[in-house]
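Q: Have a look at this one.
Quick note: the coordinates plus some simple rules give every number you see, no bench work behind them. All figures in this text were calculated on a predicted structure; none of them were measured in a lab. Please note: Cβ atoms are built from the backbone with ideal geometry, for glycine as well, and neighbour counts cover all protein chains shown.
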Amino acid sequence: MKIGFLSVVLLFVATFALSVSAQIKVVNFKNFKPLLEKNNDTTYVINFWATWCAPCVKELPDFESINQQFKDKKFKMLLVSLDFRKSFETRLIPFVEQNKLKAEVLLLHEPDGNSWIDLVDTNWSGAIPATLIYNKDFRVFHEGGYTYQELNSIITNNLKP
Amino acid sequence: MKMTISLFLILFTAFSANSQGYKVGDNAEDFKLLNVDGKYVQMADYEDAKGFIVIFTCNHCPYSVAYEDRINLLDRRFSQEGYPVIAVNPNDSLIQPQDSYSKMIVRAREKSFSFPYLLDASQEVFKTYGATRTPHVYILNKENKELVVRYIGAIDNNYEDGGAATEKYVESAIENLKMGELPEPDFTKAIGCTIKVKKS
């Protein structure tokens, strides 16, 4: 009986873990790059972060609020984690679960930063947090944190009807 | 005369504070910072050095941690050839307590750092150099008694696994300088942790 119960619990936990990991894609830069170049009415917010980056983690709740606020508009948020590939299961997935992140999370695995940082924005030194906000008529990149107010006003001013 | 010099210094300081830090080819300033052994270190103390591998790094940042062993190897190899490593922690420990001076001492001992590990307590050095992240390397070459910046950027092109790196930027740059050639590339980027600046 005890074993039966344990199996059910284990099965439940495993299914849950699988479902979360299924939601988080691991991409290389080649597969990620098209997401920086969409040419449509949607406004994209692409935040580069990592679970170990304290200022990144601090601003995530504001990004989550913004995502909830605009999710029914022409709006798409991507939280692009730069965590190490080896901490995908041990850190990233537990972090996303514990913090109940609703915005889409990706793990960008491309250790040769010099080959792709300039392709996101030439003004980016490589420090995180960093955020790109764009649509077909507008593009702003910022290295450093954003406040809720800053995000809200940039998005509100540029969102397509 | 003294007035003129002070005025010049003030102007120079104001100018450098506004600039984006050093670019390759600029002359770098020496600094005098507290090492983990309790003594102050300045580059002028290294009379026989041909140059320096200055690395802004810290305790807490996983990218810095991933490179600790590689930094030790760089120093062991290149200090004998005239290019010692000097590591500088630019972070404010009120924001990131793991980067405090006492924790730097512990880390240097644990990892048997063969190089000085200095604290940029006033946070002026990293600003003058223009470092934005950890780890962030500046290779300086002694030329006509000046310290000329000859490379800015990453250590190699694979933070996760040094063995898998296909470009070892710092090693190649030093090899170039030893042969009297300019490094190519002389500027690279990498993902790193932001420098934690004191709240004013």
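Q: What's the exposure ranking of A:PHE88, A:PHE95, B:PHE56, going from fewest to most Cβ atoms within 10 Å?
A: Ranked by crowding around the Cβ, least crowded first: A:PHE88, A:PHE95, B:PHE56.
Q: Next question, about the same structure. Can you give the convex hull volume per residue for the Cα atoms of the stretch B:2-194, as a whole number of Å³? Walk me through the numbers before you get to the answer.
A: Details: hull volume 24.8 nm³, N = 193.
So the per-residue Cα hull volume is 129 Å³.
Q: What is the Cα centroid distance between the stretch B:45-119 and the stretch A:100-155, reported in whole angstrom?
A: 29
Q: Separate question: Sort B:VAL36, A:VAL26 so the one with the fewest other Cβ atoms within 10 Å of its own Cβ comes first.
A: Placing the least packed residue first, the sequence is A:VAL26, B:VAL36.
Q: Can you put A:HIS142, B:HIS60 in order, fewest other beta carbons within 10 Å first?
A: A:HIS142, B:HIS60
Q: Ok, one more. Taking every pair of Cα atoms in the protein assembly as shown, average 1/r, invert it to obtain the Kirkwood radius, and report Rg/Rh to two decimals.
A: On the way: Rg = 22.8 Å, Rh = 22.3 Å.
Here the Rg-to-Rh quotient is 1.02.
Q: Right, next: Among the listed pairs B:LYS32/B:LYS103; A:LYS30/A:LYS102; A:LYS33/B:LYS111; A:LYS136/B:LYS196; B:LYS39/B:LYS189; A:LYS33/A:LYS74, which have their C-alpha atoms separated by more than 27 angstrom in this model?
A: Over 27 Å apart, Cα to Cα: A:LYS33/B:LYS111; A:LYS136/B:LYS196; B:LYS39/B:LYS189.
Q: OK, next. Hey, got the Cα dimensions of chain A along the principal axes, in Å, largest first?
A: 62, 36, 28 Å, listed from the longest principal axis down.
Q: To continue, here is another question. Tell me the label-point distance for the pair B:ALA164, B:GLU110, using the 7 Å Cα-to-Cβ offset, in nm and rounded to one decimal.
A: Calculated label separation equals 2.4 nm.
Q: Return, in residue-number order, each cysteine of the protein assembly as shown whose C-beta is not under 4.7 Å from any other cysteine's C-beta.
A: Singleton cysteines: B:CYS58.
Q: Something else now. Relative contact order for the stretch A:74-145: what percent, with Cα pairs under 8 Å and sequence separation of 6 or more? Walk me through the intermediate numbers first.
A: Numbers: 62 pairs, mean separation 17.7, N = 72.
About 25 percent, as a whole number.
Q: Further question: Under a point spin-label approximation (7 Å from Cα along Cα-to-Cβ), what is the B:GLN80-A:GLU97 distance to one decimal in nm?
A: 4.9
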